[in-house]
Amino acid sequence: MSFDPLGLRVELLSAIASQGYTMPTPIQTQAIPVIFEGCDLLAGAQTGTGKTAAFALPIVQMLGENIPPEKRRRPRALVLVPTRELAAQVSEQMNNYARRLSLRSTMIYGGVNIQAQIERLHRGVDIVVATPGRLLDHAERGTVNLSRIKFLVLDEADRMLDLGFIDDIQKVAEYLPEKRQTLLFSATYSQSIKQLADDLLNKPRHIEVARRSITADAVTQAVYQVEKSRKREMLSFLISRGKWSQVLVFARTRYGADKLTEELLYDGIKAAAIHSNKSQSIRNRTLAEFKRGEFRVLVATDVAARGLDIEHLPHVVNYDLPQVPEDYVHRIGRTGRAGKDGVALSLVSHEEQPLLKAIEKLLKFNIPLKELAEFPQYAVKRSGANKIKPDNGPSKARKREARPAKQAKAPAKQAKAPAKQAKASSKASSLGRNKAAIERPAPKLGRRRSRER
Ligand code: AMP
């Protein structure tokens, strides 16, 4: 089926064509007619299904049919999203359609100076894409007038609730007219989503796409079991051996993301991190560079990665499993988007087994377990090392020193125990350590730098 029967204006069809879309995705085929009918909508659509265009196209078209004459227009469509990154992406798509019909769209999010946003709102806009907290701030200051809103979209509603935005959303809703069309998109349904839908939607139509599996079908998933202390090594190995062009790696903490990035750089793999401790401008710049293919590994925390839309992202790695099982679905939805294949791998340590079980329970299937035959198995023996030191295992300091010390001592060991050395060098080569990695600067320097941060 083409886009033609959906009744979109020629300007929008040409925008779609310029994006390279030839066929509507299932959520677009189902949602666009419902939105044109004027019904409220409760849509179960995972990320990567094309849901942004599914709501943006009909809203822009309907707004464009009736543009108020005044110059300082008040917003008539409001899209609430969980994160700044998603705001940027939705806004970019909205803008792409809106400007073709002489409509103005802006985005509002926290963490940046509010003044520029106030000025933009004051100049007049038709569409606002916003995170709930900052929008509420504007509503309370009276710097945004929401009394003309005709369309309210709650995008990735489950995630907004996970991030604790429920109160802000309810308060924002109090500024909106009763008579409006409300569309709620969510990858997962929980009791709290149903409650939110009951509160904000009026006799909604239900659409569910990709019910078969809650994870993107085009994503091949696998689990590798590996000791926590060897995850970095395994990741470097997978990237180098697989000649991965680009990978998005999820780390649990901001500190973990920075540390992993530093270690990958140390291994000669170009990497950068994004998380909420970095300023928005740095996050935007890093993302733009990653999209341009200027480096291979983007290490991100869940909040920072939410809404990232990177075309042709072939790999996602869960370096740490998420604490919340639903985040697994969101994470792996970064790859395998809009019909393209993707691979999502999880590096799972012994301690993370309960998290893996919780994810598999949510998915209703066991993620295939894979082994890396070439990857040295001595990681498993680390539990043996723990036996030698039964108190609390090797100290942090020892763990930190482990890698460089092995390399530094190797020649001496070679003289004493050739068999042992042969094993060590086969480990090194099978780890894919390239020349640059072996010739890296004196390890102590790097370590010291990492401690200073
Ligand atoms: P979304 O679920 O809105 O985040 O969209 C996921 C990805 O699918 C984005 O990269 C869109 O540009 C892309 N996309 C949306 N609609 C289509 C379509 N009809 N054909 C191909 N790609 C699409």
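The values are calculated or read from the model by the stated rules, or taken from the named source; none is laboratory data. This structure is a prediction, so every number in the text was calculated from the model and none was measured. Virtual Cβ from ideal backbone geometry, glycine too; neighbours counted across all protein chains shown.
Scanning the range 262-315 for residues that are assigned to a loop (DSSP other than H, G, I, E, B) and among the acidic types (Asp, Glu), which turns out nearest to residue 232 (Cα to Cα)? Show your work before the answer.
Taking the range 262-315 as the starting set, the residues that turn out to be assigned to a loop (DSSP other than H, G, I, E, B) are 267-270, 275-279, 292-296, 301, 306-314.
Now drop any that are not among the acidic types (Asp, Glu), which leaves 267, 294, 309, 311.
Details: 267: 10, 294: 21, 309: 25, 311: 26 Å.
Only one residue fits best here, namely 267.
Report, by residue number, each residue of the range 14-45 that is of a type in the set (S, T, N, Q), touching a residue at least 12 places away in the same chain (Cβ under 8 Å) and more than 8 Å from the ligand (Cβ to nearest atom).
Our first condition is that a residue be of a type in the set (S, T, N, Q); within the range 14-45, this holds for 14, 18-19, 22, 25, 28-30.
Next, from what is left, pick out any that are touching a residue at least 12 places away in the same chain (Cβ under 8 Å): 14, 19, 22, 25, 28-30.
Residues satisfying the conditions are 14, 29, 30.
Determine whether the range 22-45 contains at least one residue that is under 14 Å from residue 98 (Cβ atoms), surrounded by fewer than 23 Cβ atoms within 10 Å (Cβ to Cβ) and among the polar types (S, T, N, Q).
There is no residue in the range 22-45 that is under 14 Å from residue 98 (Cβ atoms), surrounded by fewer than 23 Cβ atoms within 10 Å (Cβ to Cβ) and among the polar types (S, T, N, Q).
Residue-wise test of (1) surrounded by fewer than 21 Cβ atoms within 10 Å (Cβ to Cβ); (2) modelled with pLDDT under 95; (3) away from the ligand (no atom under 14 Å from the Cβ); (4) not in a strand (DSSP E or B).
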residue: 11; (1), (2), (3), (4): yes, no, yes, yes
residue: 47; (1), (2), (3), (4): no, yes, no, yes
residue: 58; (1), (2), (3), (4): no, no, no, yes
residue: 68; (1), (2), (3), (4): yes, yes, yes, yes
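Here is a list: 256, 268. Which entry is within 24 Å of residue 374 (Cβ to Cβ) and either modelled with pLDDT of 95 or more or out of contact with any Leu (no Cβ under 9 Å at 6 or more places or on another chain) (or both)?
Only one candidate qualifies: 268.
Out of all the residues in the range 15-45, which are assigned to a loop (DSSP other than H, G, I, E, B) and within 20 Å of the chain's Cα centre (by Cα)?
Matches in the range 15-45: 45 only.
Any chance the range 305-316 includes a residue that's within 24 Å of residue 242 (Cβ to Cβ), more than 14 Å from the ligand (Cβ to nearest atom) and hydrophobic (A, V, I, L, M, F, W, C)?
Yes: one or more hits.
So which of 171, 194, 179 ends up being surrounded by fewer than 21 Cβ atoms within 10 Å (Cβ to Cβ), basic (Lys, Arg) and over 22 Å from residue 43 (Cβ atoms)?
171
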